[in-house]
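The structure under discussion appears below in the form of structure tokens.
The values are calculated or read from the model by the stated rules, or taken from the named source; none is laboratory data. This structure is a prediction, so every number in the text was calculated from the model and none was measured. With ideal geometry, Cβ positions are generated from the backbone for all residues, glycine too; neighbour counts draw on all protein chains shown. Side chains are part of the model used for accessible areas, which takes the heavy atoms of the whole protein and leaves out ligands, DNA and RNA. Shrake-Rupley method; radii C 1.70, N 1.55, O 1.52, S 1.80 Å.
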Amino acid sequence: MSARRRRRRTPVTWVRGGGLSTLILGLPLLVIFGLFSWFPIVRAAVMSVQTTNLVTAPVYVGLDNFTAVLADPLLGTAVTNTLYFALLALVFGYPAPLVVAVLMSEVRRGKGVFSALAYLPVVVPPVVAVLLWKVFYDASPDGVFNTIVGWVGLGPFPWLQDPSWAMPSLVLEATWAAAGGTIIIYLAALTGVAPELYDAAEVDGAGVWRKVWHVTLPQLRGILFITLILQVIGTAQVFLEPYLFTNGGPANSTTTIMLMIYNYAFQFGDYGKATALSLMLAAVLAVLSTVYFKATSSWSK
């Protein structure tokens, strides 16, 4: 039997130990978080089994909204377009910030200037950036981008006016707009890599690319896994670019899942189908994130 017995915890000892004051200080935060974070989720779950336009009394319809969404012939197109956007963003947009960060880490002078320039697109309001790029994507020979590529004997290209060019054009702008924040994250992570590792690699005769492959990437493995899943989630929820650039066109070639949700709610006034599709997207992303973290839990250590 231990010499010192554990004191029995009572409401009086809980109050004297600071539990009440902690609860009082944390209660406003819990209320605000629940009101603005959890209540909309619960409300969306309720609306997904109702037919409602937020004006008249809702009618309970069970799983009819989910069935109607799955039967929508446009859903397959939206899923394919979303996956296509995500694939292009991963192939071209995911490695680009890492390459830029590695190159910037090798700069000896003016690193602060380059960091500011890299982060500048993040400071530009997203709507302003999209509308500005929309002007640049003018398909005429006198358009900004067509004029630039014309200097090297290319183009003119149709950009947003052609179904096969529209989605890559959206990915190009989205990569430019979002890369700055990721570059800063990678630059911060690169400062944590021990210089002795690079020195040892140089002694072994490693060049720049071998140092990147055998030293930099293994040291950034945890950060790379996190940014990868965040980019997958972000690309699956892409909305601003398809909405402002093309509104889903041409010929539904840029219609994404989030744009379908927007059209259900604000074009057709069917909030039940909109929330049903939102919950299905959230469930898929939750399962994907869980599987991803389970599969990479041993690799990221």
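Is it the case that segment 112-120 has a residue that's under 30 Å from A251 (Cα atoms) and open to solvent by 40 Å² or more (accessible area, probe 1.4 Å)? No, that holds for no residue.
Applying the condition of being closer than 23 Å to A118 by Cβ and open to solvent by 30 Å² or more (accessible area, probe 1.4 Å) to segment 186-212 and asking which residue is modelled with the highest pLDDT yields A188. Taking (1) touching a residue at least 24 places away in the same chain (Cβ under 8 Å); (2) open to solvent by 70 Å² or more (accessible area, probe 1.4 Å); (3) among the aromatic types (F, W, Y); (4) under 27 Å from T80 (Cβ atoms) in turn, Y94 satisfies each apart from (2). With respect to G180, determine if the residue is modelled with pLDDT under 90 and under 25 Å from Q237 (Cβ atoms). In short, yes.
If a residue must be under 22 Å from the mean Cα position of the chain (by Cα), surrounded by 11 or more Cβ atoms within 10 Å (Cβ to Cβ) and of a type in the set (G, A, S), how many such residues does segment 266-294 contain?
6
Table: residues versus (1) over 23 Å from G112 (Cβ atoms); (2) open to solvent by less than 40 Å² (accessible area, probe 1.4 Å); (3) in contact with a helix residue (DSSP H, G or I) (Cβ under 7 Å, 6 or more places away or on another chain); (4) not β-branched (V, I, T).
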| site | (1), (2), (3), (4) |
| --- | --- |
| W151 | yes, no, no, yes |
| G155 | yes, no, yes, yes |
| L160 | yes, yes, yes, yes |
| S164 | yes, no, no, yes |
| G180 | no, yes, yes, yes |
| L220 | no, yes, yes, yes |
| L240 | yes, no, yes, yes |
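Criterion first (closer than 27 Å to A286 by Cα and assigned to a helix (DSSP H, G or I)) does A201 satisfy it? So A201 fails the test.
Would it be correct to say that L103 is open to solvent by less than 90 Å² (accessible area, probe 1.4 Å) and either under 30 Å from L70 (Cα atoms) or not aromatic (F, W, Y) (or both)? No: the conditions fail for L103. Among residues of segment 176-197 that are touching a residue at least 60 places away in the same chain (Cβ under 8 Å), those with a beta-carbon under 9 Å from a residue that is of a type in the set (F, W, Y) and assigned to a helix (DSSP H, G or I) at least six positions away or on a different chain give the pairs G180/Y119; G181/Y119; I183/Y119; I184/Y119. Considering segment 70-83, and only residues there that are over 15 Å from the mean Cα position of the chain (by Cα), within 16 Å of A166 (Cβ to Cβ) and in contact (Cβ under 8 Å) with a residue 60 or more places away in the chain, the residue that is least open to solvent (accessible area, probe 1.4 Å) turns out to be A78.
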